[in-house]
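> I am attaching a structure below and will ask some questions about it afterwards.
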Amino acid sequence: MATEQQQSTIIVVEDDEDIADTIRYNLEREGYMVRTAPTGETGLDLILGSPPNLVLLDVNLPKMNGFELCRLLRSEPRTAKLPILMLTARNSESDKVLGLRLGADDYLTKPFSIRELAARVEAILRRVKTTEPDCPVYDDGSLTINRSTFRVTFQGTDISLTRKEFGLLEELARNAGRVMTREILLERLWGMNHFGDSRTLDVHIRRLRQKLANSEIIETVTGIGYRLRVNGDDK
């Protein structure tokens, strides 16, 4: 089994004992270290006590639901960048958008196959590993991205981003001045082309623009994708 998997810990927050046991059993067979929690409260304590490499988070939890737990984890400095895969029987677009807006990295609807779950887990952990910073800072004089401290400033103002928003901005910055197609961005940030759901990308681009004071630094290239303008670009 892969060394990368053996070193990865996963916390499953799921109130259905049968589902939790099935997930734990199968992911442990893949070489992961897995712990489970039946409620949002116990899950929060477990995660904050020893942050894992990935959280699998059910939405329909008693008392504190998955959306609330996701929000709390994103507000804590120690877990702000923690990868979160939400698991839920809810399949409405509004629920998916809410989960992504709160900072979830991916969203898997029940019922799902164990093979698909394992593939999603592997893809998320691989992206986290391969997007570790090669150099600590992007700086074009207007926008600064510090990959080691997860800090972004724009025109001298600190910008608070979710992990996924940070990853998207970093990907655009890594290719600053070049057009990134929607397909490439979806594949690199969400994996498996997110089943072609480009609305996920639109939501994150819109929120990024809002946080960057609705500036035109992120340019839409109609019918193709997006480009990050570098300081001094002609409009």
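> Which whole-angstrom value gives the distance between the alpha carbon centres of the range 20-64 and the range 203-218?
Between the Cα centre of the range 20-64 and that of the range 203-218, the gap is 33 Å.
> Suppose R0 equals 22 Å. What FRET efficiency, 1/(1 + (r/R0)^6) with r the Cβ-Cβ distance, do residue 21 and residue 60 give to the nearest 0.05? Please list the in-between numbers first.
Values: r = 18 Å, r/R0 = 0.80.
The value I calculate is 0.80.
> Related question: Between residue 219 and residue 155, what is the label-point separation in nm under the 7 Å Cα-to-beta-carbon projection?
Placing both labels 7 Å along Cα→Cβ, they lie 1.8 nm apart.
> Looking at 39, 166, 85, which one has the Cα that reaches farthest to the positive end of the dipole of the chain (charges on Cβ: Lys, Arg +1; Asp, Glu -1)?
166
> Among 223, 13, 155, whose Cα sits farthest toward the positive end of the charge dipole of the chain (+1 at Cβ of Lys/Arg, -1 at Cβ of Asp/Glu, about the Cα centre)?
Among 223, 13, 155, the one farthest towards the positive end of the dipole of the chain is 155.
> Another one. Subtracting the Cα-Cα distance from 0.36 nm times the residue separation, let me have the gained length for residue 89 to residue 199 in nm, one decimal. Each step should come with its number before you reach the end.
On the way: separation 110, 0.36 × 110 = 39.60 nm, distance 2.00 nm.
Taking residue 89 through residue 199 to full extension adds about 37.6 nm, to one decimal.
> Another question, then. Work out from phi, with θ = phi - 60° and the Karplus expression 6.51 cos²θ - 1.76 cosθ + 1.60, the ³J(HN,Hα) of each residue of the range 44-52, listed in order in whole Hz, and give x for Gly and Pro.
4, 4, 5, 5, 5, x, 7, x, x
> If you don't mind, there's one more thing I want to ask. As a footprinting exposure proxy, order 165, 14 by other Cβ within 10 Å, with the fewest listed first. Could the numbers behind the result be given before it?
Values: 165 21, 14 25.
Result, fewest neighbours first: 165, 14.
> Quote the charge dipole size of the chain about the Cα centre in Debye, to the nearest 20; the model charges only the Cβ of Lys and Arg (+1) and of Asp and Glu (-1). Can you show the working numbers first?
Values: 33 positive and 36 negative charges, 115 e Å.
Dipole about the Cα centre, nearest 20: 560 debye.
> Below 8 Å, C-alpha to C-alpha, sequence gap of six or more: please give me the relative contact order for the chain in percent.
Details: 356 pairs, mean separation 30.3, N = 235.
The value is 13 percent.
> I would also like to ask the following. Please build a GNM for the chain, connecting alpha carbons under 10 Å apart, and tell me which residue among 216, 122, 170 fluctuates the most.
Result: 216 has the largest fluctuation of those listed.
> Each residue of the range 57-66 in turn: what ³J(HN,Hα) in whole Hz from Karplus with 6.51, -1.76, 1.60 and θ = phi - 60°, glycine and Pro shown as x?
For the range 57-66, the Karplus-derived couplings read 10, 6, 7, 8, 9, x, 6, 8, 7, x Hz, x marking Gly and Pro.
> With θ set to phi - 60°, apply the Karplus curve 6.51 cos²θ - 1.76 cosθ + 1.60 along the range 223-230 and write out the HN-Hα couplings as whole Hz, x wherever there is a Gly or Pro.
Result, ordered by residue: x, 10, x, 9, 9, 8, 6, 8 Hz.
> Amide H of residue 34: which non-local residues (sequence gap of 5 or more, or other chain) have their own amide H closer than 5 Å, using H built in the peptide plane?
10
> For residue 179 and residue 114, what is the calculated FRET efficiency with R₀ set at 45 Å and r taken between the beta-carbons, to the nearest 0.05? Kindly include the intermediate steps, with their values, before the conclusion.
Numbers: r = 38 Å, r/R0 = 0.84.
Computed FRET efficiency for residue 179 and residue 114 comes out at 0.75.
> For the chain, what number of Lys pairs, 8 or more residues apart or on separate chains, have alpha-carbon atoms under 16 Å from each other?
Values: 81/129; 81/164; 96/110; 96/164; 129/164; 164/211.
Taking the chain as the scope, the lysine pair count is 6.
> Let me ask something else about it. Taking the Cα centre of the range 3-130 as origin and charging only Cβ (+1 Lys, Arg; -1 Asp, Glu), how large is the dipole, in debye to the nearest 20? Each step should come with its number before you reach the end.
Numbers: 17 positive and 20 negative charges, 113 e Å.
Dipole of the range 3-130, to the nearest 20 debye: 540 debye.
Readers should treat all values here as calculations from the given coordinates under stated rules, not as data from a laboratory. A quick note: this is a predicted structure, and the numbers were derived from the prediction, not measured. When we count neighbours, we look across all protein chains shown, and the Cβ atoms used for this are built from the backbone with ideal geometry, even at glycine.
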